[in-house]
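Inspection log for the structure reproduced underneath, given as structure tokens.
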Amino acid sequence: MNIDMKRKIRVVTIVLMLIYMMVLAYVCFFSERYGRVVSDTHHYNLQPFREISRFYIYRKLIGVKAFIINLFGNILAFVPFGFMVSILWQGRHQVIDAVFCTFLLSLVVEVIQFVFKVGSFDVDDLILNTCGGFLGVIIYQTVNVIRRKIFGKAGL
């Protein structure tokens, strides 16, 4: 891949990352559809897998849709981040760096939700979001391997 193409991919990725961050901020802090209304109290869960288990146990009561949105939504919301960080941050420790960045972004989101009482600080969300970022890295690496097999190292 030539340097000009790499530069274009990097610029497009940065623009997409900015759009992604704005959408993520809206969903995490402002979207009433996802329960983002300001509360009077701080809500938090520090026990791993507590909320995941609760959503699973009461899935019939709360609805399968709420269960799926909570579980898979938290994972899928951070897949693009893991993918884009992998494009922007190439190197020997790409997987570790991308997963760590995903964890940090998720931690920032959870802390902001807690401080401003728009949602809750939930360790399960940290786990699920980080898994989503890791999945994004795996997808990136898989796509990159396929691209190299099709186009070769010098190709696209």
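A search for C-beta distances below 6 Å between a residue of region 70-87 that is under 10 Å from Leu128 (Cα atoms) and any residue that is among the aliphatic types (A, V, I, L, M) and open to solvent by less than 30 Å² (accessible area, probe 1.4 Å), counting only pairs 6+ apart in sequence or on different chains, returns Asn74/Leu128; Ile75/Leu128. For residues that are in contact with a strand residue (DSSP E or B) (Cβ under 9 Å, 6 or more places away or on another chain) and either free of Cβ contacts under 8 Å to residues at least 24 places away in the same chain or not in a helix (DSSP H, G or I) (or both), scanning just region 121-156, find the one that is surrounded by the most Cβ atoms within 10 Å (Cβ to Cβ). Filtering region 121-156 for residues that are in contact with a strand residue (DSSP E or B) (Cβ under 9 Å, 6 or more places away or on another chain) and either free of Cβ contacts under 8 Å to residues at least 24 places away in the same chain or not in a helix (DSSP H, G or I) (or both), the one surrounded by the most Cβ atoms within 10 Å (Cβ to Cβ) comes out as Asp122. Scanning region 1-55 for residues that are within 29 Å of Val145 (Cα to Cα) and among the aromatic types (Phe, Trp, Tyr) yields one hit, Tyr20. When residues of region 17-30 are filtered for being open to solvent by 90 Å² or more (accessible area, probe 1.4 Å) and in contact (Cβ under 8 Å) with a residue 40 or more places away in the chain, how many remain? Count: 1.
Is it the case that region 82-93 has a residue that's assigned to a helix (DSSP H, G or I), of a type in the set (A, V, I, L, M) and within 14 Å of the chain's Cα centre (by Cα)? Explain how you work it out, then say what you get.
So in region 82-93, the residues assigned to a helix (DSSP H, G or I) come out as 82-88.
Those left that are additionally of a type in the set (A, V, I, L, M): 84-85, 87-88.
If we keep only those that are within 14 Å of the chain's Cα centre (by Cα) too, we end up with 84-85.
Scanning region 82-93 turns up at least one residue that is assigned to a helix (DSSP H, G or I), of a type in the set (A, V, I, L, M) and within 14 Å of the chain's Cα centre (by Cα).
Would you confirm, using the coordinates I've provided, whether Val118 is in contact with a helix residue (DSSP H, G or I) (Cβ under 6 Å, 6 or more places away or on another chain) and not in a helix (DSSP H, G or I)? Before you say what the answer is, go through the steps one by one.
Numbers: in contact with a helix residue (DSSP H, G or I) (Cβ under 6 Å, 6 or more places away or on another chain): yes; not in a helix (DSSP H, G or I): yes.
For Val118, the condition - in contact with a helix residue (DSSP H, G or I) (Cβ under 6 Å, 6 or more places away or on another chain) and not in a helix (DSSP H, G or I) - is met.
Out of the residues in region 94-107 that are among the β-branched types (Val, Ile, Thr) and under 12 Å from the mean Cα position of the chain (by Cα), state the one that is least open to solvent (accessible area, probe 1.4 Å). Walk me through how you get there before you give the answer.
In the first step, residues of region 94-107 are kept if they are among the β-branched types (Val, Ile, Thr); the result is 95-96, 99, 102.
Pick out the ones that are also under 12 Å from the mean Cα position of the chain (by Cα) and you get 99, 102.
Values: Val99: 35, Thr102: 0 Å².
Here the residue is Thr102.
What tally of residues in region 11-52 results from selecting those that are of a type outside the set (Gly, Ala, Ser) and not in a helix (DSSP H, G or I)? Steps first, answer last, please.
Initial filter on region 11-52 (of a type outside the set (Gly, Ala, Ser)): 11-24, 26-30, 32-34, 36-38, 40-52.
Now narrow it down to the ones that are not in a helix (DSSP H, G or I): 36-38, 40-49.
Total meeting the criteria: 13.
Residues of region 4-46 that are under 13 Å from Gln113 (Cα atoms) and among the polar types (S, T, N, Q): Ser31, Ser39, Thr41, Asn45. Residues in region 61-79: is at least one assigned to a loop (DSSP other than H, G, I, E, B) and surrounded by 19 or more Cβ atoms within 10 Å (Cβ to Cβ)? Yes, there is a match, as at least one residue in region 61-79 is assigned to a loop (DSSP other than H, G, I, E, B) and surrounded by 19 or more Cβ atoms within 10 Å (Cβ to Cβ).
The values are calculated or read from the model by the stated rules, or taken from the named source; none is laboratory data. Quick caveat: nothing in here was measured; it's all calculated off a predicted structure. We place every Cβ from the backbone using ideal geometry, glycine too, and count neighbours over all the protein chains shown. Side chains included, ligands, DNA and RNA excluded: accessible areas come from the protein's heavy atoms. Shrake-Rupley method; radii C 1.70, N 1.55, O 1.52, S 1.80 Å.
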